[in-house]
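Enquirer: Sharing a structure, written as structure tokens. Questions coming.
No lab work stands behind these numbers, since they all come straight from the coordinates. Computed from a predicted structure; not experimentally measured. All Cβ positions, glycine included, derive from the backbone under ideal geometry; neighbour counts span all protein chains shown.
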């Protein structure tokens, strides 16, 4: 299928295939909100992921179709999450394009989460955010002949990246207002604090810290042991003092 020659027709074709799928009945607790690298996407979904390399309009249309597919086949959540991380995710040159592909993914899932009213898409957002909030990534590139090269890289601390991360954190904290979503948000915060080498750019961590500390002060209960563990682990992540009144107050409380 020469999708790049007739992108609109290809998108329509794929959308019709998705529309013909049966809706799978599955409980939210039965869905695995984690990436799966053990299996591949079907052919038409693999083609759909290639639209990430076209214009913004086509890319957003492809994301809409992915969302519609997940609405019918939620058991494939791990595969689609992997696609969003590997195919639409961060690459060494992403900063040159203002991280627009990653912003498009985040905005699309936020749209479908409907301010936390849709629990499935909200949980999908939380799962994706855990990956997108890293600062260190690896990318596989084709080398000479049959070889491949693994490129390790850190994100560039640009204004566009700061805007993306602010959007992610802000929406995560808004989702916390929904009691059904508090546990996965807290789980993300703990995992984020324990990310180790996946969080390696000090300037980005410091930028995030102001937002995270404000959430800690406003939303967590220091009489709750689990909340205290999360705060303490996050402070260990910072390693060095961050010039922020929010963090100073937090340290005094602890």
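Enquirer: What distance in nm lies between label points placed 7 Å from Cα along the C-beta direction at residue 39 and residue 154?
Expert: Taking the two extended label points, one gets 3.8 nm.
Enquirer: Using only alpha carbons, build the gyration tensor for the chain and give me the equivalent ellipsoid semi-axes, biggest first, whole Å.
Expert: Value: 34, 22, 15 Å, ordered largest first.
Enquirer: Moving on. Just 227, 171, 134 to compare: in a GNM of the chain, with alpha carbon springs under 10 Å, which one fluctuates most?
Expert: 227
Enquirer: When the chain is treated as a GNM, springs tying every alpha-carbon pair under 10 Å, which of 28, 14, 150 comes out with the largest mean-square fluctuation?
Expert: Comparing 28, 14, 150 in a Gaussian network model of the chain, the most mobile one is 150.
Enquirer: Still on this structure: Compute the acute angle (0 to 90°) between the alpha-carbon long axis of helix 77-86 and the principal axis of greatest extent of the alpha-carbon atoms of the chain; round to the nearest 10°.
Expert: With rounding to tens, the tilt is 80 degrees.
Enquirer: Still on this structure, please answer the following. Compute the helix-to-body angle for 100-113: its Cα long axis versus the longest principal axis of the chain, expressed 0 to 90° and rounded to tens.
Expert: The angle comes out at about 80 degrees.
Enquirer: Tell me what the chain gives for mean residue ellipticity at 222 nm when only DSSP H runs of n ≥ 4 count, each as -39,500 (n - 2.57), the sum divided by the residue total, rounded to 500 deg cm²/dmol.
Expert: That calculation yields -18500 deg cm²/dmol at 222 nm.
Enquirer: What's the angle, to the nearest 10 degrees (0 to 90), between helix 179-193's Cα axis and the longest principal axis of the chain?
Expert: Tilt relative to the chain: about 80 degrees.
Enquirer: Need one word for the stretch 70-151: rounded, prolate or oblate. Basis is the Cα gyration tensor (sqrt eigenvalues a ≥ b ≥ c); a/c below 1.5 gives rounded, then a/b vs b/c decides.
Expert: It comes out prolate by the Cα gyration axes.
Enquirer: Tell me whether the stretch 154-210 comes out rounded, prolate or oblate; compute the Cα gyration tensor, take square roots of the eigenvalues as a ≥ b ≥ c, and use a/c under 1.5 as the rounded threshold.
Expert: Here the stretch 154-210 falls in the oblate category.
Enquirer: 7 Å from Cα along Cα→Cβ at both residue 170 and residue 229: what's the point-to-point distance in nm?
Expert: Distance between the two pseudo-spin positions: 3.2 nm.
Enquirer: While we're looking at this one, here's another question. Please quote Rg/Rh for the stretch 148-249 to two decimal places, taking the Kirkwood radius as Rh and restricting both calculations to Cα atoms.
Expert: Computed over Cα atoms, the ratio is 0.98.
Enquirer: Could I ask something else about it? Taking the chain as a Gaussian network, where each spring joins two C-alpha atoms under 10 Å apart, which residue of 38, 62, 139 fluctuates the most?
Expert: For the chain, modelled as a Gaussian network with Cα springs under 10 Å, the answer is 38.
Enquirer: On to the next question. With the cut-off at 1.5 for a/c, could you classify the stretch 178-236 from its C-alpha gyration tensor as rounded, prolate or oblate?
Expert: It comes out prolate by the Cα gyration axes.
Enquirer: Still on this structure, please answer the following. Would you give the gap between the C-alpha center of the stretch 26-55 and the C-alpha center of the stretch 163-235, rounded to a whole Å?
Expert: Centre-to-centre (Cα) distance: 27 Å.
Enquirer: Over the C-alpha atoms of the stretch 1-123, what are the Rg and the largest Cα-to-Cα span, Dmax, in Å?
Expert: So, for the stretch 1-123, Rg and Dmax equal 14.2, 42 Å respectively.
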